[in-house]
Amino acid sequence: MLSGVCIGTNNIEAAGDFYDKVLASIGMRCVLSEPTERGYAGQDGRITLFVVLPFNEEMATFGNGTQVMFYAPDIDAVKNFHATALRCGGKDEGAPGPRQYHPDYYGAYVRDLDGNKLNVSVRIE
C-alpha cells in the first residue's frame, strides 16, 4: 500500500505557493509547513504528498518517466488544476481532454516549477 509521495524542490517558498494553489483545485491543502518541507492532505487529513528540499542538500532533480498522479472529482477540477498550474508558472505537458489510451479517462499534464511532471485525471462515464 502506498503511503505517499515525496518530490524535491530547489525553492520551498515558490513550490509552496505553487502547490497551495494548484492542489486546492482538487480539494487538497497544506497541513504541514516547515522550513525544508510542506505536506499536503486530502479530506481525510492524511499527508500523501511531501514537497521537500533534498535532505542531502544537493539540487533537486526530476525523474525521466516519473510523474505524480492525482484524482480530480470532476472534469471542471481537471481543467482548473491545469489552468492554475500554468497561471502559477507551471508548463503544459498535455491539455485537459480525453485520451485514446483509456476510453473512460479525462486528464491533463503539467510540469511544476522544478520540472516534476504532474498528472490529474477523472474517470468519465
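The values are calculated or read from the model by the stated rules, or taken from the named source; none is laboratory data. Bear in mind that the values here come from a model prediction, so they are computed numbers and not experimental data. Virtual Cβ from ideal backbone geometry, glycine too; neighbours counted across all protein chains shown.
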Residues of segment 51-87 classified as basic (Lys, Arg) and closer than 16 Å to Leu113 by Cβ, total
1
Can you find a residue that is over 12 Å from the mean Cα position of the chain (by Cα), of a type in the set (Val, Ile, Thr) and assigned to a strand (DSSP E or B) anywhere in segment 103-110?
no
Can you report the number of residues in segment 40-54 which are within 12 Å of the chain's Cα centre (by Cα), of a type outside the set (A, V, I, L, M) and crowded, with 17+ Cβ neighbours inside 10 Å?
1
Residue list for segment 111-124, restricted to those being of a type in the set (A, V, I, L, M, F, W, C), outside any loop (DSSP other than H, G, I, E, B) and closer than 23 Å to Glu13 by Cβ:
Leu118
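Quick grid of which residues meet (1) modelled with pLDDT of 95 or more; (2) surrounded by 20 or more Cβ atoms within 10 Å (Cβ to Cβ); (3) at positive phi:
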{"position": "Pro73", "(1), (2), (3)": "yes, no, no"}
{"position": "Phe81", "(1), (2), (3)": "yes, yes, no"}
{"position": "Cys88", "(1), (2), (3)": "yes, no, no"}
{"position": "Pro96", "(1), (2), (3)": "yes, yes, no"}
{"position": "Gln100", "(1), (2), (3)": "no, no, no"}
{"position": "Pro103", "(1), (2), (3)": "no, no, no"}
{"position": "Leu113", "(1), (2), (3)": "yes, no, no"}
{"position": "Asn119", "(1), (2), (3)": "yes, no, no"}
Wholly enclosed strands (runs of 3 or more DSSP E) of segment 25-90 bearing at least 1 residues touching a residue at least 40 places away in the same chain (Cβ under 8 Å), more than 15 Å from Gly8 (Cα to Cα) and in contact with a helix residue (DSSP H, G or I) (Cβ under 9 Å, 6 or more places away or on another chain)
67-71
Pair list, Cβ under 9 Å, 6 or more apart: segment 101-125 residue without any contact (Cβ under 8 Å) to a residue 12 or more places away in the chain, other residue surrounded by fewer than 19 Cβ atoms within 10 Å (Cβ to Cβ) and of a type in the set (D, E, K, R)
His102/Arg123
Residues satisfying the stated conditions in segment 1-51, i.e. of a type in the set (S, T, N, Q) and over 20 Å from Ala83 (Cα atoms):
Ser3, Thr9, Asn10, Asn11, Ser33, Thr36, Gln43, Thr48
